Structure formats: structure tokens, C-alpha cells
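Every read-out reported here was derived from the displayed coordinates using simple, explicitly stated rules and does not represent laboratory data. All values derive from a computational prediction rather than experimental measurement. Ideal geometry is used to build each Cβ from the backbone, glycine not excepted, and the neighbour counts take in all protein chains shown.
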Amino acid sequence: MHFLRFTPILLLQLTFYSGLYGAKWMYSGPEGEHHWSKHYPYCGGAFQSPIDIKSELLRFDPTLRPIEVQNYNLSPNEQLTLGNNGHSVQISLPPKMYISSLSHRYTAAQLHFHWGSSSRPVGSEHMVNSKQYAAEMHVVHFNSDKYHNMSVAVDKSDGLAVLGVLIEIGEFNPAFENFLKFINGIKYRGQKVQLPGFNIKALLPARLDEYYRYDGSLTTPPCYPSVLWTVFRNYITISQKQFLDLSTALYSSHAQDLTHVPLNGNYRKSQLVDSRVVLVSFKEGRGLHGTLTVTSPLIRKRIVQQLLVGDLADLADEGLYQLLTSGKEKDLKQHESETLEKLKKQTLNPSVGRKSQTNRSVGKLRPAEDALCYISFQKRISLQLKQRHTENQLVQGLRDAVFPELNFKSYLDCKSDLAIPTIRHILRGRPTDEAFELDRSLTKALMNHRKTSTTIKKSVPGTNYGSLSPATVPRKPQNQGYPHPWLLPMEWED
């Protein structure tokens, strides 16, 4: 680790993680993305990025503030490092740059690009209603309120915040010339050049108040689900020549290699949504009519409280709309108001037996309230599996362990729906008969839910649960299926 003192951290992060895991990775071939999980198990886990941001995933959140960035206009006297790390073009950013509009201060670390090829000019990682753009820029920040640097923050659930900018071919973009004119100096992997500072904000869309927000992962190995994603609604444009400069001038191989491999098509394909929703800061516009307003965190906490100490039979009969997505915003608001008084009465006078069960459950859920450390999860699951001689189940073991806590944390922040494995995790301390009744009602409701009926019939048949009690099932979450096909996290690179 001492070498980090002498070389810029941001340009060595890929080398650091490759050394840590002892594995190379590429976007295609025998080391391509379909094989990442062999060496980087989180790449096959939950809350992965990128995703296809579809209209049915959107929830309007009136509390989302415009993105505010500080000190993005850099002086030409400030030197930046432009590098080719074999996977992307990357620009190191000074620590005085930061996002000031989030719950913590997120300090800038680097920005990089993903793009297509001259023959197939579509290479954005995120898609919007299945539309893929020509390229995408990611401005990566880490939580400097809690973590000393990017390397420490990268595997924490609240560690990173990334601004995603979609790029289309169109009008010439003068801001891109600030680094494209130096691109021939980094043709090969490992090469880097210095360039004068410029206004980084000019690379962003004009409107910073309209964006999509969700919990996701790094889009490159090790794929930790540690990213708060902000993908701007409005794309920017670059000219055809500028796109060709980016997509044809570079190689992913070293200068001394016998074969020079072009650097293009460096984007990860869309990942499963799981139980996630996508919050939006805007309500008007095509595809957004009728978009639900997200349920408030207060309501969600009371739902969890009812799962812990309330009448589960009553929830099974009347409250399933709280756990599933609702069809109409008006109905949701009406249900919320009707439920508030009922929840108040139940939480004021829970039975003595339920209180004792609650304390046990709350203790088990408490880690979800803090930042999750994914390296610790991996070490713990790996040790457990080795003791049982089942190392090949590491990816599934990690998903089963992390999903309930990550989903629970994301749910309270309104960025996911509450998935069945998480509900079972919460209910494992409750009376068997009530928990089983709720589980059965949820399964039935999901089977009849129009948006997820196809997925559920394939992955989570109602008869799968048989006579197993939800009070015992959560101790080993179901390997088969996460019924909601709409959940996910964010990205970090090199």
C-alpha cells in the first residue's frame, strides 16, 4: 500500500483492485463481463448497475433538490492528468471539487467515459426506455465526510456518488476539446499526459435540477453496490468527429504489445432491477403522466414497525398495497392517511410477547441502518462456504446475505420496494402463524400483480413455500428469485 504515496491514487485504483483479486477483466471474450463474477463475486450479486430506466420504474420525489457542484470551474494553471487505463479515458480531479446538495459532502475523484464504436455508435451504460445513447460520462465522487479517500469509501454502501451524463452525436461541443486535443498522447494503455484545468461544469447538461436517482453499483469490477446514482435527464451532444476521436484513437493494449486491441465498446450491459425504483426530480413530460409520488420515509418506517410489532393478519388482509407498487397515486395517499391512525394505536399498545420478539428482530436489522462494508461481507461468506466446502456458491451466498439488508436500507430511503426476502428477514422473530399468513397473502398478491406476474410464475411459484414457516425461511433466504423485477445500485471505475 505504500506505493500509493508516490503515485496518484486515482490512476492506480484499477491496478490496486486487480492486484487484490489477482484477475484481469475485459468487456468481451474469456475475461468479459459474463465471467466477472468468477473473480469479482459482487458482479453477480444484487443492486447492480447500469439499468434500463423505464417509465414504470419512476417515482416522483418532491424532496429531491437540484444538484449543486462547487469549484468545478478550474483555472488553466491547475494541472490535470489525462490517462488511458486500458478500459477508459480518465481525468483526475482535484479534491476542492465537490457536490454540496447531498446528505454528505461528496468530493470529486475522477471522471471517465464509456462509448460505442465507429461501426456501432451506441455505448452509453444507462438506457432510458430502452434507448441507448452514443456515450456516457461518469463523474465519480466519494463521501469525504466519512471516509479519507476513494479506496476506503469504495466498498461502503454510502461511499460513492456518481453523476451520469448521457451523450448523443449532434452539435460540436467546445468543452470536449479541452481534453480531446491531447488524446493522441494516451493512445496506449498506461500512458498519461498533463493538461491545463478547464470548466468541468461545461461538460454537464445545462439543467442540473432534472435527474434520475437510484441505488446501484460500480459498473466495473469489483462491482460493489456502493453508488448513489444521479443520471441527468437531459443529454449533451458531441460532433461526429469528436465521437470518432474518442472511439478510434485509443487502444486497450500497451504500446509494446505485439497486437494492438482497439479501445471501444467499453460499456456494461443493463442489469436486473431487483426490487428497485427510480426516483425522479421532475414530474412533467412524456412518459411521466401518472407517475406515482414516492411514499414518505415516515410511512415506510411505520410499515416496518408494523411488520415488527403490529397485527400481521390485519396487514395481510388490508395493507398489501404498502408493500407492493400501487396503481394510482390517489389511492396510495388515501390508504396512507387511513393507516396512520391504525399504526399509531398498534405501536402504542403492542403485546408484551411481540415486544420481546421485536427487540430480537431490531437487533438483527440494526446493521442496515449503518454503512455496509462489502469486503467484510465477502470475507465472512467466503469463510462460511469454505467450512462447508462449497466455494462455488460464493456469488449466491453473497446475494442472499446482502440483499435483505441492502433492500431494507434502500427501502427506507424510498429507492426500492420491499422485497419478499427482506420481509421474511424482518419477520423471522414473529409468531409463526401470523408470519406465515402474511407470507401466503404476499405470495398470492404477487401472483396476481399484473406487472410481475410473468416473472413470478417463472421464478417464485406460490407453492414453493409449501409448509415452510417464514419464521425459519429467512435464516437461509430463498436462492430462487427476487419477485420484483424493478430494483438496482451504481458505478465506480479504475
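Below is a table of values for the structure above.
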{"read-out": "Distant-in-sequence amide H partners of Ile53 (H built 1.01 Å from N, under 5 Å)", "value": "Met127, Val128, Asn129, Ser130"}
{"read-out": "Antiparallel DSSP beta bridges within region 117-259, as percent of all bridges there, nearest 5", "value": "65 percent"}
{"read-out": "Sequence-distant residues sharing a close amide H with Thr219 (under 5 Å, placed H)", "value": "Glu491, Trp492"}
{"read-out": "Estimated inter-spin distance, Ser130 and Ser55, nm [label 7 Å along Cα→Cβ]", "value": "1.3 nm"}
{"read-out": "Restraint check, Lys54/Lys409; Lys269/Lys301; Lys409/Lys444, Cα-Cα greater than 27 Å", "value": "Lys269/Lys301"}
{"read-out": "Positive dipole terminus of region 138-210, leading residue within Ile169, Ala206, Gly185 (C-beta point charges)", "value": "Gly185"}
{"read-out": "Integer Hz, Karplus 6.51/-1.76/1.60 couplings in order for region 130-145, x for Gly and Pro", "value": "6, 8, 9, 8, 5, 7, 8, 10, 10, 9, 9, 10, 10, 6, 7, 5"}
